[in-house]
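The values are calculated or read from the model by the stated rules, or taken from the named source; none is laboratory data. Here the structure is a predicted model, which is why all the values come from computation and not from measurement. All Cβ positions, even for glycine, are placed from backbone atoms using ideal geometry, and neighbour counts span all protein chains on display. Ligands, DNA and RNA are stripped out before the accessible areas are found, and what is left, the full protein with its side chains, is counted by its heavy atoms. Shrake-Rupley method; radii C 1.70, N 1.55, O 1.52, S 1.80 Å.
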Amino acid sequence: MQLTTIIVPLPDQAGFSARLAAPIELSAEGPTADEAQLRLSALVFEKLREGVEFRTLAVPSPALPASGFL
């Protein structure tokens with residue numbers, strides 16, 4: 001399974017924040033980007049132990065209209 005992780009620096013160079021986008025809404029902080037991601041990974045595994053399932057849903061996009069995109 002692959003989950004997209006968003007990693008951003010914290011204000012005042014206080015470390016990094018790693019989070020998953022909605023609807024999962026998990027986040028973790030650490031002194032480095034790798035540590036923040038590692039802590040986030042631990043939260044994901046905790047959710048899996050609790051019985052949460054992460055799945056993907058493929059939704060086909062409708063055909064674009066023949067005229068006028070913008």
Original post:
Restricting region 4-25 to residues that are open to solvent by less than 60 Å² (accessible area, probe 1.4 Å) and polar (S, T, N, Q), which is modelled with the lowest pLDDT?
Top reply: Thr5
**OP:** Enumerate the strands (runs of 3 or more DSSP E) found wholly within region 1-42, keeping only those where 1 or more residues are in contact with a Gly (Cβ under 8 Å, 6 or more places away or on another chain) and under 20 Å from Phe54 (Cα atoms).
**Re:** 16-20
Subject >> Residues being under 14 Å from Gln2 (Cα atoms), open to solvent by 70 Å² or more (accessible area, probe 1.4 Å) and modelled with pLDDT of 85 or more - total across region 39-70 >> reply: 1
